[in-house]
Structures are given as C-alpha cells and as structure tokens.
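Engineer: Can you read through this structure? Questions will come right after.
The values are calculated or read from the model by the stated rules, or taken from the named source; none is laboratory data. Just so it is clear, the structure is predicted and the values come from calculations on it, not from any experiment. Please note: Cβ atoms are built from the backbone with ideal geometry, for glycine as well, and neighbour counts cover all protein chains shown.
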Amino acid sequence: MERTLAIIKPDAVAGGHSGKIIDRIIVEGFAIRAMKLTQLTKRQAEGFYAVHAERPFFGELTEFMSSAPCIPLVLERTDAVAKWREVIGATNPADAAEGTIRKQFAASMGENAVHGSDSPENGIKEGRYFFSESEIVSNGADVIDA
Ligand code: CMP
C-alpha cells in the first residue's frame, strides 16, 4: 500500500465541492488515513511549497493557499500517487481530461481545486507536514469496494 497527500484547496472548499471530492476519493478505492479542515498561515504555505520558492507564481500560490480553509488528507491505496494524479487530472484545468476533478471543479492553474503528491517519497513527507504520526490512522477500515 502506498500513501499520497491530497489537499482540497481553498477554492474547492469555498465552492462547496468538498463532499463530492471526498466521495470520489472513496469511490476510487482510497482509504482515508487522516483528514482535517485547517487554514494555513502564509508561512505554512511557503514551507509546504518550498520547492517552488524560486518560481514566479510562488507569491500568488502561497497567498491563495493561505487565504481560506483547505482540507489535507492522507490517502492510501495501491499505486496511490499515480492513481490520485490520474483522478485529479492535469495541473492546468484547461488540459485536464474529461471526468477528472480539475476538469469538473478547477477554474485556473493557480486555483486548481486539489493537490496531489508527485512521488511516493513526497507522499510520506507531505503527509507528515500536516499530520503527526498519531493523527495518521494506520489500523482503520480497509479500502471498501464502492
Ligand atoms: P499543486 O499540485 O498544488 O502543486 C504546485 C502548484 O503550483 C500547482 O498545483 C498549481 O496550483 C501551482 N502552479 C503551477 N504552475 C503555476 C503557474 N504557472 N501559475 C500559477 N500557479 C501555478
């Protein structure tokens, strides 16, 4: 089993899409191992996206991510990283395939509804950025066939 970190971003939470996105997570066979509603500080957003610190969109990205509540989740599944990236679609919603979460809910490259880790290593690391070990429930219900 592999883990990935998902974030339902501020635009999707404010737009009232959290329930549908969480339902999709379950339908796609992920087990939710941790989840919370939180509003990041600018500093927390900068820490999470530190790898993008030199990019021109870093200020806009971290302003947006700290502007309103978001929902980080630790998801577990076989091939969790690749599967979640398939379900969410391309970073730019204009390029996202039909049926993906970004095609359905995202407005722009910056406000693109959801995040997904880009490797299994980052899935673990990013999960730890938001949750302590005791908040990640590793002995919960197994994946339920939807
Ligand atoms: P995410 O998967 O959270 O990882 C990094 C984020 O940076 C990405 O989604 C986008 O929201 C954002 N991003 C990437 N490229 C751009 C861009 N050119 N302009 C604005 N935001 C971007």
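Engineer: Quick test of your reading of the structure: Ala107 fulfils all but one of (1) out of contact with any strand residue (DSSP E or B) (no Cβ under 8 Å at 6 or more places or on another chain); (2) without any contact (Cβ under 8 Å) to a residue 24 or more places away in the chain. Name the failing condition by number.
Structural biologist: (2) is the only condition that Ala107 fails.
Engineer: Is there a residue being under 13 Å from the mean Cα position of the chain (by Cα) and surrounded by 12 or more Cβ atoms within 10 Å (Cβ to Cβ) anywhere in region 57-68?
Structural biologist: Looking through region 57-68, at least one residue is under 13 Å from the mean Cα position of the chain (by Cα) and surrounded by 12 or more Cβ atoms within 10 Å (Cβ to Cβ).
Engineer: From Asp118, Asp79, grab the single residue that is among the acidic types (Asp, Glu) and within 12 Å of the ligand (Cβ to nearest atom).
Structural biologist: Of Asp118, Asp79, the one residue that is among the acidic types (Asp, Glu) and within 12 Å of the ligand (Cβ to nearest atom) is Asp118.
Engineer: Just to be sure I understand the filter: pairs with C-beta atoms under 6 Å, separated by 6 or more residues or on different chains, first member in region 54-75 and touching a residue at least 40 places away in the same chain (Cβ under 8 Å), second member within 8 Å of the ligand (Cβ to nearest atom) and of a type in the set (A, V, I, L, M, F, W, C). Which pairs pass?
Structural biologist: Taking only residues 6 or more apart or on different chains, the pairs are Cys70/Ile7; Pro72/Ile7.
Engineer: Go through region 83-101 and give me each residue that's within 13 Å of the chain's Cα centre (by Cα) and more than 14 Å from the ligand (Cβ to nearest atom).
Structural biologist: Lys83
Engineer: Does region 21-42 hold any residues that are more than 14 Å from the chain's Cα centre (by Cα) and among the basic types (Lys, Arg), and which are they?
Structural biologist: Listed by number, the list holds a single entry, Lys42.
Engineer: Among the residues that make up region 130-138, is at least one of them among the hydrophobic types (A, V, I, L, M, F, W, C) and within 16 Å of the ligand (Cβ to nearest atom)?
Structural biologist: So far as region 130-138 goes, yes, one or more of its residues are among the hydrophobic types (A, V, I, L, M, F, W, C) and within 16 Å of the ligand (Cβ to nearest atom).
Engineer: Moving on to the next point. If the requirement is being away from the ligand (no atom under 14 Å from the Cβ), of a type in the set (Val, Ile, Thr) and at pLDDT 95 or above, which of these qualifies: Ile22, Ile8? Outline the logic, then answer.
Structural biologist: Details: Ile8 fails: away from the ligand (no atom under 14 Å from the Cβ).
None of the others qualify; the one that does is Ile22.
Engineer: Let me ask something else. Would you confirm, using the coordinates I've provided, whether Lys9 is surrounded by fewer than 18 Cβ atoms within 10 Å (Cβ to Cβ) and farther than 16 Å from Arg77 by Cα?
Structural biologist: no
Engineer: So, in region 41-76, exactly how many residues are away from the ligand (no atom under 12 Å from the Cβ) and in contact with a strand residue (DSSP E or B) (Cβ under 7 Å, 6 or more places away or on another chain)?
Structural biologist: Of the residues in region 41-76, 6 are away from the ligand (no atom under 12 Å from the Cβ) and in contact with a strand residue (DSSP E or B) (Cβ under 7 Å, 6 or more places away or on another chain).
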